[in-house]
Amino acid sequence: MSDNSTDLADLLGTQESASLEFKRTAKREGKRGDAIGNAVCAMANDLCGHGGGDVLIGVDDKGQPVDDVDLSDRALLQLTELRDDGRILDRPSLTVDRAVFRGKPVIRLHVEACATPPVRFEGVVWVRPGPTTRRASREDERVLAERRRAKDIPFDTRPLSLARLDDLDLDLFRQSYLPSMVAPEVIEENGRPVDLQLSSLHLLTPDGTPTVLGLLTVGLDPGSHIPGGTSSSSAIRARTSTPPSPTSRNCGRTWSGCRPGSNPSCGAICEPASSRTGSVRRPARTIRWKHCANSA
């Protein structure tokens, strides 16, 4: 939502762009049908990758605010209906608010970029390749479809934007996890730095952000980034297991706190896993934590 004390001319600029469009009135008709609906669809598709965009109603094509803009609740509600009337699919994240542009009141429609493009308005894909709204070409639709597929990744390899490399136990990774997954001669031959080793095992993204898998396997405190992310989601090497204590509580530790040979007081249920031969291998026996608790 807009802060009415902030002039959008200073925040967004005074010229139309791929992420900013001006409309003199809230009139929905135009040369290509519903001009505002087309613009919202184009902002949601975010062809240029700006993260969405804004439509300002009450500003002419030269970037000058006009008078007599309808700022009533009824006008704002009619514009908000764009989100829910079923003509734009997938439904965009859209907010409508009163704002100030060059000292005069206007209506601001802020549209977030859709995570699952292409977005269609009345069955047509609209994009903004520049300061204009156009029907998407076949190549535009291919780019949007590839962007959607790129984001459709398994849960365990998704990045955790607030996590950092410091949230991972690198000593545990080097000493236990890496040798259990990659043959020692391969590690020595490659000579990769630790960030590339983490990335090759999908514990880190190429840009250095820990993934869900990274936090659950070698994270220091996965519960701070993943709700319920404790040892119950981790797999660790171990030779023996102890039945859970009847008087126990969740310890919230990762397997970095229950290292092999450390004789943790928490209980676990063993589930053997067959070993694999070759340059990449798995432990001959793993524990998948179905219960992790300390004695009360």
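Of the residues that make up region 102-120, is at least one farther than 29 Å from residue 8 by Cα, loosely packed, with under 14 Cβ neighbours inside 10 Å and assigned by TED's automatic domain parsing to the domain that holds residue 22? Within region 102-120, none of the residues are farther than 29 Å from residue 8 by Cα, loosely packed, with under 14 Cβ neighbours inside 10 Å and assigned by TED's automatic domain parsing to the domain that holds residue 22.
Per-residue answers, yes or no, for (1) more than 17 Å from residue 54 (Cα to Cα); (2) aromatic (Phe, Trp, Tyr):
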site	(1), (2)
73	yes, no
81	no, no
88	no, no
94	no, no
97	no, no
101	no, yes
105	no, no
109	no, no
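One line per residue, one yes/no per condition, for (1) over 30 Å from residue 223 (Cα atoms); (2) hydrophobic (A, V, I, L, M, F, W, C):
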position: 117; (1), (2): yes, no
position: 124; (1), (2): yes, yes
position: 139; (1), (2): yes, no
position: 168; (1), (2): no, yes
position: 172; (1), (2): no, yes
position: 176; (1), (2): no, no
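When region 168-223 is limited to residues that are in contact with an Asp or Glu (Cβ under 8 Å, 6 or more places away or on another chain) and of a type in the set (Gly, Ala, Ser), the one that is nearest to residue 156 (Cα to Cα) turns out to be 219. Given the criteria assigned by TED's automatic domain parsing to the domain that holds residue 40, part of a helix (DSSP H, G or I) and surrounded by 12 or more Cβ atoms within 10 Å (Cβ to Cβ), does residue 141 qualify? It is true that residue 141 is assigned by TED's automatic domain parsing to the domain that holds residue 40, part of a helix (DSSP H, G or I) and surrounded by 12 or more Cβ atoms within 10 Å (Cβ to Cβ). Annotation: of all residues in region 154-190 being in a strand (DSSP E or B) and of a type in the set (A, V, I, L, M, F, W, C), the one that is farthest from residue 204 (Cα to Cα) is 182.
With the checklist (1) modelled with pLDDT under 90; (2) in a helix (DSSP H, G or I); (3) more than 22 Å from the chain's Cα centre (by Cα) in hand, flag the one item residue 150 doesn't pass. Here residue 150 clears every test but (3).
Tell me whether region 161-180 contains one or more residues that are of a type outside the set (A, V, I, L, M, F, W, C), within 30 Å of residue 125 (Cβ to Cβ), within 22 Å of the chain's Cα centre (by Cα) and modelled with pLDDT under 90. Yes, region 161-180 has at least one match. From the set of residues in region 144-171 that are farther than 24 Å from residue 54 by Cβ and small (Gly, Ala, Ser), which is surrounded by the fewest Cβ atoms within 10 Å (Cβ to Cβ)? Step by step, filter region 144-171, then rank; the result is 150. Can you find a residue in region 64-85 that is among the acidic types (Asp, Glu), under 22 Å from residue 14 (Cα atoms) and without any contact (Cβ under 8 Å) to a residue 24 or more places away in the chain? Yes: region 64-85 contains one or more residues that are among the acidic types (Asp, Glu), under 22 Å from residue 14 (Cα atoms) and without any contact (Cβ under 8 Å) to a residue 24 or more places away in the chain.
Residues in region 183-210 that are among the polar types (S, T, N, Q) and without any contact (Cβ under 8 Å) to a residue 24 or more places away in the chain were compared, and the one that is surrounded by the fewest Cβ atoms within 10 Å (Cβ to Cβ) is 190. When residue 153 is tested against the conditions (1) more than 26 Å from residue 116 (Cβ to Cβ); (2) free of Cβ contacts under 8 Å to residues at least 12 places away in the same chain; (3) of a type in the set (A, V, I, L, M, F, W, C), the lone failure is (1). Every condition in (1) of a type in the set (A, V, I, L, M, F, W, C); (2) at pLDDT below 95; (3) within 20 Å of residue 23 (Cα to Cα) holds for residue 89 except the one numbered (3).
The values are calculated or read from the model by the stated rules, or taken from the named source; none is laboratory data. Please read these numbers as outputs of a predicted model, since none were measured by experiment. All Cβ positions, even for glycine, are placed from backbone atoms using ideal geometry, and neighbour counts span all protein chains on display.
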